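Below is one structure, written out as structure tokens; comments come after it.
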Amino acid sequence: MTVRRLVHRLGFRYALHRRDLPGSPDLVFPSRGRVIFVHGCFWHAHGVCRAGRNRPSSNQAYWIPKLNRNRERDAANRRCLRNLGWRVLVIWECQLKNPDRLRARIARFFE
Ligand SMILES: [Zn+2]
């Protein structure tokens, strides 16, 4: 929601969750050829923050391969989208804590 509000305030029109695109990106900007994913740090295994590196201590044989698969699938989806000519921005949950920086990043993405 934070991201949607920011994008809206910047004046960009988007569509939500286009299922016909790889990974069904959270926000799609068809006329600008851009997509944005908003990833939860745990589920998408963000490599640089604590939530993303956190691994449940129980049932690791299940979690570790699962989270690795999520990350690999995300990378494959991004590659696929880029090959189709889309520009891709990933916004991580932990980055929502800094709205000023996030706004600047989104604005740059649309330049
Ligand atoms: Zn993170």
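Subtracting the Cα-Cα distance from 0.36 nm times the residue separation, let me have the gained length for Leu84 to Phe110 in nm, one decimal.
On the way: separation 26, 0.36 × 26 = 9.36 nm, distance 1.79 nm.
Result: 7.6 nm gained on full extension.
Report the Cα centroid-to-centroid distance between segment 57-72 and segment 1-37 in angstrom, as an integer.
So the separation of the two Cα centres works out to 28 Å.
Grab the Cα-Cα distance for Glu72 and Leu96, subtract it from 0.36 nm times how many residues apart they are, and report the gain in nm with one decimal.
Taking Glu72 through Leu96 to full extension adds about 6.3 nm, to one decimal.
Of the accessible area of segment 1-109, with the probe set at 1.4 angstrom, what percent is carbon plus sulfur? The partial results should precede the final answer.
On the way: 3330 of 6850 Å².
Ligands and nucleic acids excluded, carbon and sulfur reach 49 percent.
What FRET efficiency do you get for Asn59 and Arg103 if R0 is 30 Å and r is their Cβ-Cβ distance, rounded to the nearest 0.05?
Values: r = 39 Å, r/R0 = 1.30.
For R0 = 30 Å, the calculated efficiency reads 0.15.
How large is the accessible surface per residue of the chain, computed with a 1.4 Å probe and reported in Å² as a whole number? Mind showing how you got there, number by number?
Numbers: 7030 Å² over 111 residues.
Using a 1.4 Å probe on heavy atoms only, each residue of the chain averages 63 Å².
How much of the calculated P(r) for the chain lies past 25 Å, in percent of all Cα pairs?
Values: 1531 of 6105 pairs.
The calculated P(r) of the chain puts 25 percent of pairs beyond 25 Å.
Given a cut-off of under 8 Å on Cα pairs at least six residues apart, what relative contact order in percent is computed for the chain?
Working: 122 pairs, mean separation 29.4, N = 111.
Averaging sequence separation for qualifying contacts and normalising by length gives 26 percent for the chain.
What's the angle, to the nearest 10 degrees (0 to 90), between helix 99-109's Cα axis and the longest principal axis of the chain?
Once rounded, one gets 70 degrees.
The values are calculated or read from the model by the stated rules, or taken from the named source; none is laboratory data. Given the structure is predicted, the values throughout are model-derived calculations rather than measurements. Quick reminder, even Gly has a Cβ in these numbers, built from the backbone with ideal geometry, and neighbours come from all protein chains shown. SASA here: full protein model, heavy atoms, side chains in, ligands and nucleic acids out. Shrake-Rupley method; radii C 1.70, N 1.55, O 1.52, S 1.80 Å.
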